[in-house]
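Before any comments, here is the structure.
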Amino acid sequence: VQLQASGGGLVQAGGSLTLSCAASGSDFLFNFLGWYRQTPGKERELVASIFSGGPTDYRDSVKGRFTVSTDIAKRTVYLQMNSLKPEDTAVYYCYAETHSRRGYWGQGTLVTVSS
């Protein structure tokens, strides 16, 4: 399984970005899909997740601003980010876990929010 993340960039505070993570090499049958982010010197943190069957969960700091979704036909998971804040600046990673609990990471995509 390979995950290809894209969509990062530079945006002003209050702006929006949509991250995409496309899966290849297997059927799009995952138990768990997540978006994480990491800043220098800090641990990677879970931002948003979606479980098989559809339940989603969000970090408190992004609730109401970020939305995670999937397009099974395109084998892609998205992270729509609105009302971005400078503290959202980070490298964002997608993660997928199969039903057999095997996990895969995509490469990071940098999101920079200017004030």
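The values are calculated or read from the model by the stated rules, or taken from the named source; none is laboratory data. Quick caveat: nothing in here was measured; it's all calculated off a predicted structure. In this analysis, Cβ positions are derived from the backbone assuming ideal geometry, glycine residues included, and neighbour counts consider all displayed protein chains. Heads up: the accessible areas ignore ligands, DNA and RNA and are worked out on the full protein's heavy atoms, side chains in. Shrake-Rupley method; radii C 1.70, N 1.55, O 1.52, S 1.80 Å.
Coupling constants for region 83-92 follow from the phi torsions by the Karplus curve (6.51 cos²θ - 1.76 cosθ + 1.60, θ = phi - 60°), and in residue order they are 6, 5, 10, x, 6, 7, 4, 4, 8, 9 Hz; glycine and proline get x.
Solvent exposure of the chain, expressed per residue, is 53 Å² of accessible area, with all protein chains present and a 1.4 angstrom probe. Partner lysines whose Cα lies under 23 Å from the Cα of Lys85, excluding those fewer than 8 positions away in the same chain, are identified as Lys42, Lys63. Here the simple spin-label model places points 7 Å from the Cα toward Cβ, and for Ile72 and Trp105 these points are separated by 2.9 nm. The accessible surface of the chain, taken with every protein chain in place and a 1.4 Å probe, is 49 percent carbon and sulfur. Computed extension gain for Arg65 through Glu87, at 0.36 nm per residue and net of the alpha carbon distance, reaches 6.6 nm.
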